[in-house]
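This report refers to the structure that appears directly beneath it.
The values are calculated or read from the model by the stated rules, or taken from the named source; none is laboratory data. Predicted model only: the values in this text are computed from it and were never measured. As a convention, Cβ positions derive from the backbone with ideal geometry for all residues, glycine included, and neighbour counts pool all protein chains shown. The area values use the complete protein model at the heavy-atom level, side chains included, leaving out ligands, DNA and RNA. Shrake-Rupley method; radii C 1.70, N 1.55, O 1.52, S 1.80 Å.
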Amino acid sequence: METSHLCLVLAQCGVDFSREIGEWFGPNNMCHVIRKLAEFDHWSSMAVYVAMDMTVVFSELKQFCRKKQPHGDRVPSPPAAAAAACVSDELTFRPLLLFIPLRPGQEKIREEYRDAVKACLTIRQSVGIIGGKPKHALWFFGFQGNRLLYLDPHTTQAAINPKKLSAIPDESYHCRAVNFLSISDLDPSISLGFYCKDEEEVDHLFRELKSKVVAYKQPLFEVFERRPRNMPPLVDPRPQRRDVPVESFTELAVTVDSGQDTDEEYDIIDTRELGDLA
């Protein structure tokens, strides 16, 4: 997708969550934005799943990760490693990026949940925690005692030219000091992230969550192999995507009316088709 059109989709995602340009996304909303954007990466085979209601049903996760791969002529410029798989109609198991949004507290994470939060970071498939403080997003990747180790996504790094692999600035991959935040100071709105490259990894994650996280007296969330009968049926979170040609997007235009104050007043001409992408 062209960069300019991707920006339009990003803006539309914000509208869907009642967020104007420049406003902050919480961890929960951000997970849904990532899920929605993943639907537009035609060349990517990753399945992005957001577990709702603090419940993860692994049989449904596996079902979600299986789909018919599109034919090669429908996938624009796929990576060479995935090109062969794109010509098959057989069901394949896609890599899974699982988000579990949580709020284990009102103003801060309750003490009885803190060990379970830290236990999630010890699981092999963990890709960290989205969280932080109000208007200060952070990414947590580990812990020491009651201190959560984090990287600040707002810290800029030098651009890297992939064609000059021998000249990669190694210092951009390291920190001069360890950043940490006490878990008692963490905002209770968080989202756990896990990545599984294949079905075997999904099975391993199920066992790890059952033994390391759900086993606590106050479970952080619920994990089931199959959906219990007393739970409502699953609603497929994937939107019904239709292929929209790039030409169908309307260009942005700036209207200038002499005699009027036009300081940063932009009009978007006929954006009704963007609603079809939601």
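Scan region 126-154 for residues that are under 16 Å from ALA116 (Cα atoms), of a type in the set (Gly, Ala, Ser) and without any contact (Cβ under 8 Å) to a residue 60 or more places away in the chain and report the count.
Adding up the residues that qualify gives 2.
Looking only at residues that are part of a loop (DSSP other than H, G, I, E, B) and farther than 23 Å from LEU148 by Cα in region 189-218, which one is least open to solvent (accessible area, probe 1.4 Å)?
ASP198
Could you run through region 2-15 and say how many residues are closer than 22 Å to HIS42 by Cβ, surrounded by 15 or more Cβ atoms within 10 Å (Cβ to Cβ) and at pLDDT 65 or above? Break it down stepwise before answering.
Kept after step one, since they are closer than 22 Å to HIS42 by Cβ, are these residues of region 2-15: 2-13.
Remaining after also requiring surrounded by 15 or more Cβ atoms within 10 Å (Cβ to Cβ): 5, 8-9, 11-13.
Next, from what is left, pick out any that are at pLDDT 65 or above: 8-9, 11-13.
The number of residues fulfilling the criteria is 5.
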